[in-house]
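Below is one structure; the comments refer to it alone.
The values are calculated or read from the model by the stated rules, or taken from the named source; none is laboratory data. Bear in mind the structure is a predicted one, so any value in this text is a computation, not a measurement. Note that each Cβ is placed from the backbone with ideal geometry, even for glycine, and that neighbours are counted across all protein chains shown.
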Amino acid sequence: MESPKYPIGPRPALLALALILCPAWAGAQEGASLVRAMEGRFDEARDQAVHLLAPGMFRDAEDRFDGAVRRWEDGREDARFHELLAEAGQWLDAAEGIAEAGRSQFAETLAARTEARSAEAATRARPAWDAAEGELLEAGRRFEREDFGEADVRAGRARELYRRAARAGWGDLFLGEAIRARTAALSAGASELAPATFAEGESHLASGEADLEMNRLEDGPRRAGEAALVAFTRAHRIAALFDSVRRRQVPLERIVDEHEDDLARLAVAAGVSARRDDTGGTTDRIAGEIARMRSENARLTQDLGSERARTADLESRLATAEGRLIEFEQRFTGARDELLAIRERDARLREIQGLFTESEGEVLLSGDRIVLRLYGLTFESARSEIDDSLYPLLAKVQRVITTFPGASVRIEGHTDAQGGARGNEDLSRRRAIAVREHILSRVPIPSSRVEAVGMGEERPIASNDTEAGRARNRRIEVVVTLPG
């Protein structure tokens with residue numbers, strides 16, 4: 001219900017004159033005052049969750065108040081207007097009485113709701129908050145009907161949802177910026193191009209999440225979020241530079257040339273010889289010259305007269321030399337990290353190939369695609385439900401998917417040639433969908449990047465004339481297309 005819009009009241013002296021000269025206007029002001037007072041009661045009741053603990057009576061109170069407001073807005077401040085206001089107050093009194101009894105019944109749930117509000121869950125974790133509010137509302141309806149058993153069940157669900165909303169709210173408050181920076185860094189390929197820095201961010205983020213999971217809300221999660229944000233931002237910058245190199249917008253040779261040129265200029269500035277085929281020696285000579293400058297600077301600072309100007313010049317040159325040296329070291333570190341990322345990806349591919357046993361399935365590599373051919377992912381005849389015994393095998397599939405952030409996933413269901421082709425296609429699609437839903441419930445990947453299709457009996461890999469061949473044809477294939 002929208003709040004009525006009231007006119008701004010006149011000054012006290014004019015108000016007194018108006019009351020004397022225009023009783024009707026005075027009545028209108030009285031009506032406005034009554035409406036405002038009742039609105040204040042409703043606002044306070046909502047703040048105390050009366051609308052959730054006694055929703056039926058609260059709705060009845062609102063209905064009568066709405067009717068009174070409509071009459072007031074139409075200028076009909078008659079007996080019915082006052083009756084409706086009185087009835088609204090009576091229903092609100094009854095709702096508050098029920099809510100008072102419900103507070104002791106739902107004390108733990110309301111405490112969880114208070115914590116979720118402190119975590120700003122209504123805005124930071126809106127879906128979980130709305131779901132919790134809905135469950136508590138239903139618990140209130142059952143409590144009003146004296147269905148106390150079902151009310152307790154609903155309140156228990158609401159309590160868990162509020163706790164989830166609180167964790168999500170605190171997580172967004174303390175770690176939200178870092179998580180968004182992580183997503184941006186992943187999109188830029190930072191997990192591969194700047195693995196050490198990205199891993200540092202992951203470590204800080206995991207530390208913050210662990211603190212939140214243990215309900216440690218002191219400075220730990222905040223500090224972890226800030227440290228993770230710094231790491232992911234730096235990893236994103238490094239990845240952007242490597243992406244430029246990879247797409248040949250900035251050739252690697254150019255970066256090396258610029259480093260050697262800068263090192264040569266730095267050597268000239270430091271007064272040492274520079275050789276392009278011996279950058280390490282040049283750096284050592286520069287470092288030696290810097291050390292010599294420091295020593296010279298210490299001696300010159302003792303001369304407070306004519307030597308002061310020369311000392312200032314040397315300090316300026318020293319600062320410039322140190323800054324450039326740090327920049328060149330960072331560039332070399334970046335090139336090294338890129339090579340390490342390539343090696344790491346190859347190692348992960350080799351690890352995946354050895355992850356599945358022969359009875360579970362096999363791993364096929366085709367260009368930028370990894371195909372997991374899962375013979376061990378079996379279903380009961382004509383059924384698509386996943387048995388709990390298959391969870392370990394599916395956990396390996398989840399591990400493969402999470403190993404390559406940003407990848408897209410295609411889940412294909414295949415059957416043997418027994419039965420009708422249309423029925424087999426439908427069965428294979430339902431099985432593929434079941435695997436998709438299982439993975440989406442456990443892997444933080446957008447649903448838009450995971451598709452499920454039923455291939456039916458169209459693509460056999462063995463003869464359908466033998467039981468062994470049909471067993472190999474009844475399979476799930478998970479095709480992981482690598483990003484980039």
Quiz item: In region 352-359, is there at least one residue being under 26 Å from residue 463 (Cβ atoms), assigned to a loop (DSSP other than H, G, I, E, B) and of a type in the set (Gly, Ala, Ser)?
Solution: yes
Quiz item: Can you pull out the residues in region 30-50 that are touching a residue at least 40 places away in the same chain (Cβ under 8 Å), assigned to a helix (DSSP H, G or I) and within 34 Å of the chain's Cα centre (by Cα)?
Solution: 45, 50
Practice problem: Go through region 274-295 and give me each residue that's loosely packed, with under 14 Cβ neighbours inside 10 Å and in a helix (DSSP H, G or I). | Solution: 280, 281, 284, 288, 291, 292, 294, 295
Practice problem: From 225, 220, grab the single residue that is crowded, with 16+ Cβ neighbours inside 10 Å, part of a helix (DSSP H, G or I) and touching an Asp or Glu at 6+ places or on another chain (Cβ under 6 Å). | Solution: 220
Self-check item: Residue among 68, 111, 79, 107 that is closer than 16 Å to residue 37 by Cβ and either surrounded by fewer than 16 Cβ atoms within 10 Å (Cβ to Cβ) or free of Cβ contacts under 8 Å to residues at least 40 places away in the same chain (or both)
Solution: 68
Quiz item: Looking at 194, 206, 181, 210, which is the one that is modelled with pLDDT of 85 or more and within 30 Å of residue 106 (Cα to Cα)?
Solution: 210
Practice problem: Quick one: residue 412 ticks every box in (1) surrounded by fewer than 12 Cβ atoms within 10 Å (Cβ to Cβ); (2) at pLDDT 95 or above; (3) of a type in the set (Asp, Glu) except a single one, so which number is it? | Solution: (1)
Quiz prompt | Neighbours by Cβ (under 9 Å, 6+ apart or cross-chain): first from region 369-386, in contact (Cβ under 8 Å) with a residue 24 or more places away in the chain and not assigned by TED's automatic domain parsing to the domain that holds residue 462; second of a type in the set (A, V, I, L, M) and surrounded by 14 or more Cβ atoms within 10 Å (Cβ to Cβ) | solution = none
Practice problem: List the number of the failed condition for residue 119; all other conditions in (1) closer than 27 Å to residue 217 by Cβ; (2) at pLDDT 90 or above; (3) surrounded by 16 or more Cβ atoms within 10 Å (Cβ to Cβ) hold. | Solution: (2)
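So that you can scan it fast, the table gives a plain yes or no per residue for (1) in contact with a helix residue (DSSP H, G or I) (Cβ under 6 Å, 6 or more places away or on another chain); (2) surrounded by 13 or more Cβ atoms within 10 Å (Cβ to Cβ); (3) among the polar types (S, T, N, Q):
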{"site": "435", "(1), (2), (3)": "no, yes, no"}
{"site": "447", "(1), (2), (3)": "yes, no, yes"}
{"site": "475", "(1), (2), (3)": "no, yes, no"}
{"site": "478", "(1), (2), (3)": "yes, yes, no"}
Quiz item: For region 368-376, does any single residue satisfy the condition of being surrounded by 17 or more Cβ atoms within 10 Å (Cβ to Cβ) and assigned to a helix (DSSP H, G or I)?
Solution: no
Quiz prompt | Failed criterion for residue 280 (all others in (1) modelled with pLDDT under 85; (2) under 26 Å from residue 127 (Cα atoms) hold) | solution = (2)
Exercise. Taking residue 241 as the residue in question, decide whether it is under 18 Å from residue 330 (Cβ atoms), crowded, with 16+ Cβ neighbours inside 10 Å and not polar (S, T, N, Q).
Key: yes
Exercise. Inspect all residues belonging to region 78-87 and state whether any of them is among the small types (Gly, Ala, Ser), over 30 Å from residue 174 (Cα atoms) and part of a helix (DSSP H, G or I).
Key: yes
Quiz item: What single numbered condition from (1) among the charged types (D, E, K, R); (2) surrounded by fewer than 15 Cβ atoms within 10 Å (Cβ to Cβ); (3) closer than 17 Å to residue 185 by Cβ fails to hold for residue 213?
Solution: (3)
Quiz item: Could you list, in sequence order, the residues of region 218-270 that are among the acidic types (Asp, Glu) and modelled with pLDDT of 75 or more?
Solution: 219, 226, 260, 261, 262
Practice problem: Can you tell me which residue within region 294-309, out of those that are at pLDDT 80 or above and out of contact with any helix residue (DSSP H, G or I) (no Cβ under 6 Å at 6 or more places or on another chain), is nearest to residue 267 (Cα to Cα)? | Solution: 294
